[in-house]
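Have a look at the structure below before the remarks.
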Amino acid sequence: MFDSENGALDSLLNHIYQKSISEVILAIMKIEEINFTDELAATIKQHKISVIGKLISKIASENDEETCLNAKDILQKLLEDVPDYL
């Protein structure tokens, strides 16, 4: 999933207008890096940062309403899960 050459996350982001796909993206974004080796954890973190940037760009007005709403929903749910101490 996090292999940069297969582009699975980018493919999922292209279909974010579908609610079920946005739920899969949210689940992927909630994967905790501490469960992996340091190298893989760093790769996962880099991909998550990239996905967050792409989600923000999906909120742009030129996208359809479902795409904007689903991107906003993912970002909102991720922010709700941020620990208070950060």
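List of remarks:
- Mean Cβ count within 10 Å, highest first, over the residues of peptides 45-52, 61-68: 45-52, 61-68
- Dividing the summed -39500 (n - 2.57) terms of all DSSP H runs of n ≥ 4 by the residue count of the chain sets its mean residue ellipticity at 222 nm at -20000 deg cm²/dmol.
- 3J(HN,Hα) along region 68-78: 4, 5, 5, 5, 4, 4, 4, 4, 5, 5, 5 Hz, from the Karplus curve 6.51 cos²θ - 1.76 cosθ + 1.60 with θ = phi - 60°, whole Hz, x for Gly and Pro.
- Of Asn70, Asn35, Asn14, the one that fluctuates the most in a GNM where the chain has Cα springs shorter than 10 Å: Asn35
- Cα gyration tensor, the chain - rounded (a/c under 1.5), prolate or oblate: oblate
- Counting 0.36 nm for each residue step from Asn14 to Ile59 and taking away their Cα separation leaves a gain of 14.9 nm.
- Taking each residue as 0.36 nm, the span from Ile21 to Lys45 lengthens on full extension beyond its C-alpha to C-alpha distance by 6.6 nm.
Read-outs: derived from the displayed coordinates by stated rules, not from any lab. Owing to the predicted nature of the structure, the values given are computational and were not obtained by experimental measurement. Note that we place each Cβ from the backbone using ideal geometry, even for glycine, and neighbour counts take in every protein chain shown.
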